[in-house]
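Asks: Below: one structure in structure tokens.
Bear in mind that the values in this text are calculations on the coordinates, not laboratory data. Because the structure is a prediction, the values reported are computed rather than measured. Virtual Cβ from ideal backbone geometry, glycine too; neighbours counted across all protein chains shown.
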């Protein structure tokens, strides 16, 4: 099989500790029913163990900018915030 025919994308996988509680709560609820301009440009999916956030969103929340920058430097399109993933000292984190 010619594997050159397939697109493969990278995802940065980190602990949900790297996402603040207020952003997590926003993503847990239906954003269409919320009036929060600070998170309006956030493109994400809920997963069984956390969240997937697209790194290409315009004007992401300030708290996520450092980790989005790291993901972009690594060539990732998504960040997966997984409750069982590694917590990295080099990235901002929150206890919740």
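Asks: If I filter the range 37-48 for residues that are out of contact with any helix residue (DSSP H, G or I) (no Cβ under 7 Å at 6 or more places or on another chain), surrounded by 10 or more Cβ atoms within 10 Å (Cβ to Cβ) and part of a helix (DSSP H, G or I), do I get at least one hit?
Replies: Checked against the condition, which is being out of contact with any helix residue (DSSP H, G or I) (no Cβ under 7 Å at 6 or more places or on another chain), surrounded by 10 or more Cβ atoms within 10 Å (Cβ to Cβ) and part of a helix (DSSP H, G or I), the range 37-48 yields at least one hit.
Asks: All but one of (1) out of contact with any helix residue (DSSP H, G or I) (no Cβ under 7 Å at 6 or more places or on another chain); (2) touching a residue at least 40 places away in the same chain (Cβ under 8 Å); (3) exposed (fewer than 13 other Cβ atoms within 10 Å of the Cβ) hold for residue 4; which doesn't?
Replies: (2)
Asks: List the number of the failed condition for residue 92; all other conditions in (1) part of a loop (DSSP other than H, G, I, E, B); (2) without any contact (Cβ under 8 Å) to a residue 24 or more places away in the chain; (3) out of contact with any strand residue (DSSP E or B) (no Cβ under 8 Å at 6 or more places or on another chain) hold.
Replies: For residue 92, the exception is condition (2).
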